[in-house]
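Presented below is the structure to which this report refers.
The values are calculated or read from the model by the stated rules, or taken from the named source; none is laboratory data. Every value quoted in this text rests on a predicted model; they were computed, and no experiment measured them. Here Cβ is always computed from backbone atoms with ideal geometry, including for glycine, and neighbour counts include all displayed protein chains.
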Amino acid sequence: MRSPVLLDTHAWIWFAAGEEKRFQKRAWREINAACQRGECHVSVISVWEVGMLAAKGRLELTLPVGEWTQRALADLSFTPLSREVAVDSSFLPGPFHGDPADRLLVATARHLQAHFATADAKIIDFGRRHHLPLVVC
């Protein structure tokens, strides 16, 4: 695979922590290869989700959120939210659950023509039905 990869929020957290055991071997290799090519992306939506999880006490980080995100993005491509992605997230093909962050992440992956790295069963099912290329973690 030589496509860009967009990390789902949990995949980014695991990857930043070096938690290789959380990934399937193939997924770990594909993500690392994309990083070496400079084609591993993290969306601004994931940065927001990390902040929200930390603020709610559902994610404990070793550093303050701002510093953690800065370090965790150091070798990755940061992807801002575009107007096109915001609109496209409202018109994903077929049924898709209502989580706005997931909708924005999937629309971002489609916009980047990237494989989406996730362990989320709902997104994996959607991807397989609607041709979203996946890196199944």
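What the table below lists for this structure:
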read-out: Filtered residue count, region 95-131, keeping only those that are on the phi > 0 side of the Ramachandran plot and modelled with pLDDT of 95 or more; value: 1
read-out: Qualifying positions in region 113-137 - surrounded by fewer than 20 Cβ atoms within 10 Å (Cβ to Cβ) and touching a residue at least 60 places away in the same chain (Cβ under 8 Å); value: Q113, A119, P133, V136
read-out: Filtered residue count, region 61-83, keeping only those that are surrounded by 12 or more Cβ atoms within 10 Å (Cβ to Cβ) and over 17 Å from the mean Cα position of the chain (by Cα); value: 2
read-out: Hits in region 73-99 - residues which are in contact (Cβ under 8 Å) with a residue 40 or more places away in the chain and over 15 Å from V42 (Cβ atoms); value: none
read-out: Near pairs, Cβ below 9 angstrom, 6+ apart or cross-chain, from region 100-112 (touching a residue at least 12 places away in the same chain (Cβ under 8 Å)) to any residue that is basic (K, R); value: D102/K122
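Per-residue answers, yes or no, for (1) touching a residue at least 24 places away in the same chain (Cβ under 8 Å); (2) within 19 Å of L134 (Cα to Cα); (3) touching a His at 6+ places or on another chain (Cβ under 9 Å); (4) hydrophobic (A, V, I, L, M, F, W, C):
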{"position": "R2", "(1), (2), (3), (4)": "yes, yes, no, no"}
{"position": "T9", "(1), (2), (3), (4)": "yes, yes, no, no"}
{"position": "I13", "(1), (2), (3), (4)": "yes, yes, no, yes"}
{"position": "E19", "(1), (2), (3), (4)": "no, no, no, no"}
{"position": "C35", "(1), (2), (3), (4)": "yes, yes, no, yes"}
{"position": "C40", "(1), (2), (3), (4)": "yes, yes, no, yes"}
{"position": "G66", "(1), (2), (3), (4)": "no, no, no, no"}
{"position": "R71", "(1), (2), (3), (4)": "yes, no, no, no"}
